[in-house]
Amino acid sequence: MLSVRSGNQNARVFRQINEIEGRTDRGIRQGFFRLGNDLVRTLRRQVLERNKRGRTYIRKDRAGRRRRHIASAAGQTPANRTGNYRKNAGYQLRGSQQLEFGIREGADYGLFLEEGTKNMAPRPGLGNAVKANQRNARTDFDNSLDRELNAQ
């Protein structure tokens with residue numbers, strides 16, 4: 001049974017009820033923000049990892065020195081060569097409704113790496129980052145919502 005009485009206590013409760021929607025949206029947006037940062041950080045870290053198992057190439061750097069480059073194998077996050085793919089990783093929030101995570105237009109070949117071509121198996125960098133952050137996503141949202149809804 002719910003009883004409503006006049007006074008400051010009820011006014012505070014009604015104010016908190018009216019603020020729930022805004023606080024929930026803010027908490028979800030903060031969760032998306034934390035998740036987006038985690039995804040970008042994970043992708044960039046995975047690109048720089050040295051445990052690639054693909055083909056080994058000898059290429060010249062800008063100074064003309066010969067350098068060894070180990071490419072990624074099928075299913076691995078792409079190996080870093082120029083840094084363009086890694087630098088163009090990012091995300092965009094659309095209110096509290098949507099998080100878009102991907103490679104910006106500066107690396108047009110990102111789609112080919114992610115999905116593969118008829119001559120190359122996929123190197124799903126974005127997919128691997130999402131898989132690595134599945135547990136973190138729930139924690140990010142739980143913490144953000146708790147923080148917002150329990151704030152006075």
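Per-structure values
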item: Residues of the stretch 39-57 classified as open to solvent by 100 Å² or more (accessible area, probe 1.4 Å) and farther than 19 Å from Gly102 by Cβ, total; result: 3
item: Arg86 vs. criteria in contact with a helix residue (DSSP H, G or I) (Cβ under 7 Å, 6 or more places away or on another chain), open to solvent by 30 Å² or more (accessible area, probe 1.4 Å), among the basic types (Lys, Arg) and closer than 17 Å to Gly36 by Cβ; result: yes
item: The listed residue being at pLDDT below 90 and either within 16 Å of Glu114 (Cα to Cα) or out of contact with any His (no Cβ under 9 Å at 6 or more places or on another chain) (or both), out of Ser72, Ser96; result: Ser96
item: Breaking point among (1) part of a loop (DSSP other than H, G, I, E, B); (2) farther than 18 Å from Ala107 by Cα; (3) modelled with pLDDT of 90 or more, for Phe32; result: (1)
item: Flag for Thr56 being under 30 Å from Asp25 (Cβ atoms) and out of contact with any Gly (no Cβ under 6 Å at 6 or more places or on another chain); result: no
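The values are calculated or read from the model by the stated rules, or taken from the named source; none is laboratory data. Everything quoted here is computed from the prediction, not taken from an experiment. Cβ sites come from the backbone with ideal geometry, for glycine too, and all protein chains shown count toward neighbours. Surface areas here come from the heavy atoms of the whole protein model, side chains and all, with no ligands, DNA or RNA. Shrake-Rupley method; radii C 1.70, N 1.55, O 1.52, S 1.80 Å.
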